[in-house]
Amino acid sequence: MTEFDQLYREVILDHYKNPRGHGVMEHADAQAEGQNPFCGDEVSIYVSFGDDGDRIEDVKFSGRGCAISQAATSMLTEMVKGRSVVEIAELPKEELLEEIGIPLTPIRLKCAILGLGVLKVALHKAKGTPLPEEWAGLDELQLT
Ligand code: FES
C-alpha cells in the first residue's frame, strides 16, 4: 500500500468513526431511504433547502452500514452543502469516488454510492429532478 492509499484509508476511517452530518432532521424539506440488498444496510437522508429553494442548506443521514457506506455518506454531506439542487442531482458518482480516493471492488462500489443514490432520490421526490441515466443500472439498490 502506498503512503497515499494509507492517507485515504485514514480519512475514511475518521469519517466512519466521526461521521459528519450524522443524525435525523425534523421537518426535512426532502427525505428518502435506501437499502443495499446485498447486505441489508440502510441509509436515510434528510435535506433542508435554503430560502431560495435551490440550494442545499443542510444534509443529515442516519442508518447503519459498513465503514465504506457510512464514511462515503459522511463525505457526501460535506461535499453537497451550499451547492445547488440541480448540480447535485447531476453530480457524477465519480466525484464522490474521487473523494474516497481508493479503488473499490464492484461490491464496495455499491456501498460507496448508496448515500448518493438516496440523496438523488430525495431531491427527485422533493424537486422533481431527474434521476440520471447512470443510476438506471443500479436498480439493485432499493431506493424509495
Ligand atoms: Fe452493507 Fe457496505 S456492506 S453497505
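Read-outs throughout are calculated quantities, based only on the coordinates presented, and are distinct from any laboratory measurement. What you see is a predicted model, and the numbers here were worked out from it, not measured in a lab. All Cβ positions, glycine included, derive from the backbone under ideal geometry; neighbour counts span all protein chains shown.
Results, tabulated for the structure shown:
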item	result
Amide H partners (placed H, <5 Å) of ARG55, local residues excluded	GLY50, VAL85
Karplus 3J(HN,Hα) series, Hz, for the range 40-45 with 6.51 cos²θ - 1.76 cosθ + 1.60 (x for Gly, Pro)	x, 5, 10, 9, 10, 10
Using θ = phi - 60° and Karplus 6.51 cos²θ - 1.76 cosθ + 1.60, couplings along the range 22-37 (whole Hz; Gly, Pro as x)	7, x, 10, 9, 6, 6, 5, 6, 9, 7, 7, 10, x, 10, 8, x
Per-residue HN-Hα couplings for the range 88-96 [Karplus 6.51, -1.76, 1.60; θ = phi - 60°; Hz; x = Gly/Pro]	6, 4, 9, 4, x, 4, 4, 5, 6
Folded to 0 to 90 degrees: helix 67-80 orientation relative to the chain principal axis, Cα	50
Neighbour-limited loop hits for GluC sites (Glu not before Pro), the range 66-111 (at most 13 other Cβ within 10 Å; DSSP other than H, G, I, E, B)	GLU90
The range 1-34: GluC sites (Glu not before Pro) in DSSP coil with no more than 16 other Cβ atoms inside 10 Å	GLU26
